[in-house]
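Colleague: Take this structure, written in C-alpha cells, and hold onto it; I'll ask about it next.
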Amino acid sequence: MSVSDQKKILAVSSSGGHWEQLMLLRPAFDGADVTYVTTIEGLLEKSGVSSGLVVKDCNRNRPWDIVRCALGLLQIMKDIRPQYVVTTGAAPGIIALAVGRMLGAQTVWIDSVANSEELSMSGKLAGKIANLWLTQWQHVSMPNGPIFRGRVL
C-alpha cells in the first residue's frame, strides 16, 4: 500500500482512562496514517506515540477552554484532512466529532468502558453527531444506538 492509499485517521481523547482505552485500540489502526490528539503535554511521548498533537483540555464548566480546544482541533483537521475521526471521549472528543463532520470526515464514538450503567453526557451527544456510535456495555446498547461490538478492556 502506498502512502497515498493509507486511510488518514485522527484519534482523539482526553487524558486518563479515555487515553488508555484509545491506546488499546492502536492495533486496529495498523496500516493507516494515524495522528493522535490528547490534552496533556508529555502524554504522547510517555505512550510511545510519535505522531501526535496536544489541544487545550475542556469541559462544560470552562466555556473559553471549549473555544480554545475547538479552534485547536479545527486547525489540526484543516492541516491533516483526516478521512476518519475516532474518539473515546470526553469533551475534546465530542468537539472533534463535530469538527470532523463539518469537514466531511467519517466519525466514530466509543463510549468509555467506565460508563457501565448509562452513557456519559458526551456519549449521549455523540449519538447526534457520530456516524458510528458505540458502547462497550451490551446492556447499554439500544436499537437506535449506541451499538455494542465488544470492549477494549
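Colleague: Here are the criteria: (1) in a loop (DSSP other than H, G, I, E, B); (2) under 14 Å from the mean Cα position of the chain (by Cα). Tell me which single one ASN61 does not satisfy.
Modeller: (2)
Colleague: Within region 130-147, count every residue that is within 23 Å of MET23 (Cβ to Cβ) and surrounded by 15 or more Cβ atoms within 10 Å (Cβ to Cβ).
Modeller: Number satisfying all stated conditions: 9.
Colleague: For region 1-15, enumerate the residues that are over 16 Å from ILE76 (Cα atoms) and at pLDDT 95 or above.
Modeller: LYS7, SER15
Colleague: Same structure, new question: Where the second residue is among the aliphatic types (A, V, I, L, M) and crowded, with 17+ Cβ neighbours inside 10 Å and the first is farther than 22 Å from ARG26 by Cβ and without any contact (Cβ under 8 Å) to a residue 60 or more places away in the chain and lies in region 52-63, which pairs have Cβ atoms under 6 Å and are six or more apart or on separate chains?
Modeller: Close Cβ pairs (under 6 Å, with a partner that is among the aliphatic types (A, V, I, L, M) and crowded, with 17+ Cβ neighbours inside 10 Å) amount to CYS58/ILE66; CYS58/ALA91; ASN59/ALA91.
Colleague: What pairs can you find where one residue is in region 113-138 and within 21 Å of MET102 (Cα to Cα), the other is among the basic types (Lys, Arg), and their Cβ atoms are less than 7 Å apart, with a gap of 6+ or different chains?
Modeller: If the second residue must be among the basic types (Lys, Arg), the pairs left are ILE129/ARG101; LEU134/ARG149.
Colleague: Let me ask something else. Would you point out which residue out of VAL67, VAL49, VAL85 is of a type outside the set (S, T, N, Q), at pLDDT 95 or above and surrounded by 22 or more Cβ atoms within 10 Å (Cβ to Cβ)?
Modeller: Unique residue meeting the criteria: VAL85.
Colleague: Look through ASP57, ASP111, ASP30 and report the one residue that is more than 20 Å from VAL152 (Cβ to Cβ) and of a type outside the set (Gly, Ala, Ser).
Modeller: Of the residues listed, the single one that is more than 20 Å from VAL152 (Cβ to Cβ) and of a type outside the set (Gly, Ala, Ser) is ASP57.
So that you can scan it fast, the table gives a plain yes or no per residue for (1) among the small types (Gly, Ala, Ser); (2) out of contact with any strand residue (DSSP E or B) (no Cβ under 7 Å at 6 or more places or on another chain):
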residue	(1), (2)
GLN83	no, no
GLY89	yes, no
GLY93	yes, no
GLN106	no, no
ASP111	no, no
ALA114	yes, yes
LEU119	no, no
LEU134	no, no
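Colleague: Taking the stated definitions as given, is ASP65 in contact with a Lys or Arg (Cβ under 6 Å, 6 or more places away or on another chain) and within 20 Å of GLY16 (Cα to Cα)?
Modeller: Taking the combined requirement at face value, the residue satisfies it.
Colleague: THR38 versus (1) within 15 Å of the chain's Cα centre (by Cα); (2) surrounded by fewer than 16 Cβ atoms within 10 Å (Cβ to Cβ); (3) under 19 Å from LEU73 (Cα atoms): which is the lone unmet condition?
Modeller: Evaluating THR38 over (1) within 15 Å of the chain's Cα centre (by Cα); (2) surrounded by fewer than 16 Cβ atoms within 10 Å (Cβ to Cβ); (3) under 19 Å from LEU73 (Cα atoms) leaves (2) as the failure.
Colleague: Consider only pairs whose beta carbons are under 9 Å apart and that are at least six residues apart or on different chains; among these, list those whose first residue lies in region 85-107 and is without any contact (Cβ under 8 Å) to a residue 24 or more places away in the chain and whose second residue is assigned to a loop (DSSP other than H, G, I, E, B) and surrounded by fewer than 24 Cβ atoms within 10 Å (Cβ to Cβ).
Modeller: Taking only residues 6 or more apart or on different chains, the pairs are GLY104/ARG81; GLY104/GLN83.
Colleague: Select from region 103-153 the residues that are of a type outside the set (S, T, N, Q), over 15 Å from the mean Cα position of the chain (by Cα) and not in a loop (DSSP other than H, G, I, E, B) and list them in ascending order.
Modeller: Of everything in region 103-153, those that are of a type outside the set (S, T, N, Q), over 15 Å from the mean Cα position of the chain (by Cα) and not in a loop (DSSP other than H, G, I, E, B) turn out to be HIS139, VAL140, ILE147, PHE148.
The values are calculated or read from the model by the stated rules, or taken from the named source; none is laboratory data. Everything numeric in this text was worked out from a predicted model, so none of it was measured. Methodologically, a virtual Cβ is constructed for each residue, glycine included, from the backbone with ideal geometry; neighbour enumeration extends over all protein chains shown.
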